[in-house]
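A short worksheet on the structure shown next.
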Amino acid sequence: MVGFGFWIDAHGHLADPRWEGQQDRIILEARAKGIHFFMQGGVGPEDWEKQRALKAKHPEHIGLCFGLHPYWVADHDEDQCEEALDLLATQLVEAEAIGEMGLDLRPHIMKDSRERQMTVFEQQIELAHISQKPMVLHLVQAHDEAIRILDLWGVPKQKGLVHSFNGSSAKAKDFIQRGLYLSVGGPVCRPDNQKLHQAVKEMPLEFLLIESDSPDQAPPAFKGQLNPPESIWEVARTIGELKSLDPLEILDITTENFRRLFGR
């Protein structure tokens, strides 16, 4: 049955300071358009606290995700990362997922953190194995390194998702072969993003999720403003065109995929 109207934004940051004071409104606006659950992406300890506060206000609609984002790792030294990892190990029981975790090797993000990012990524994979939580992966300009580390440590039993997948068909296959879901967001709506369009056309529907990455990565229809969760409608429309399916069917399928991944 198409269009049951209880859809899921697989990844966003409603605890982001840019949304401060507006979360109630944007959650209500998204719910009015059938989007009722919002899985968060973790950044660092301060963000985890903000997620908790948001969930306390919207307990049925917010999914907690705690992890050390590559941005956070790049901005903190080895001792600070070790301290945060110890804290994560004690607090992860509260969360539904571990992440964002991974690698961002763009020079302006990475700075001197390449080896530190890899070490923290490996330690978070170990925590995913121990906690049996799905991983939320942030991987930018680091495909080969990420695949090597995932193969070395093994993808945990609970698998996970590659957030904001924006790669080629070959890269999509690498992740899918390892049991990972691909979460696609606003970049797919750009008419010139032919590489991602082709990857979406070829990827199996059972591994597809959709996300807003709110407040970032707005589709062209939301250009120039903070990206709200309701923008996943634009993502569903574009993917529907690429897959020759109704957008409602894309929303239904990706919501069921999310429930399968997270056991909801």
Q: From the list Leu150, Leu127, pick out the single residue that is within 18 Å of Cys65 (Cβ to Cβ) and surrounded by 17 or more Cβ atoms within 10 Å (Cβ to Cβ).
A: Leu127
Q) Which ones in the stretch 201-258 are over 17 Å from Pro187 (Cα atoms) and assigned to a loop (DSSP other than H, G, I, E, B)? A) Pro204, Ser244, Leu245, Asp246
Q) Does Pro45 qualify as being closer than 17 Å to Val136 by Cα, surrounded by fewer than 19 Cβ atoms within 10 Å (Cβ to Cβ) and touching a residue at least 40 places away in the same chain (Cβ under 8 Å)? A) yes
Q. Going through the stretch 169-210 one residue at a time, which ones are acidic (Asp, Glu) and surrounded by 16 or more Cβ atoms within 10 Å (Cβ to Cβ)?
A. Asp174
Q: State which residue pairs qualify: first residue closer than 24 Å to His13 by Cβ and touching a residue at least 40 places away in the same chain (Cβ under 8 Å) and inside the stretch 232-257, second residue hydroxyl-bearing (Ser, Thr, Tyr) and crowded, with 24+ Cβ neighbours inside 10 Å in any location, beta carbons under 8 Å apart, and separation of 6 or more residues or different chains.
A: Ile232/Ser212; Val235/Ser212; Asn257/Tyr181
Q | Every residue from the stretch 89-118 that is assigned to a helix (DSSP H, G or I) and in contact (Cβ under 8 Å) with a residue 12 or more places away in the chain | A | Ala89, Gln91, Leu92, Val93, Glu94, Ile109, Met110, Arg116, Gln117, Met118
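Every number here is computed from the coordinates shown, using simple stated rules; none is lab data. Because the structure is a prediction, the values reported are computed rather than measured. Please note: Cβ atoms are built from the backbone with ideal geometry, for glycine as well, and neighbour counts cover all protein chains shown.
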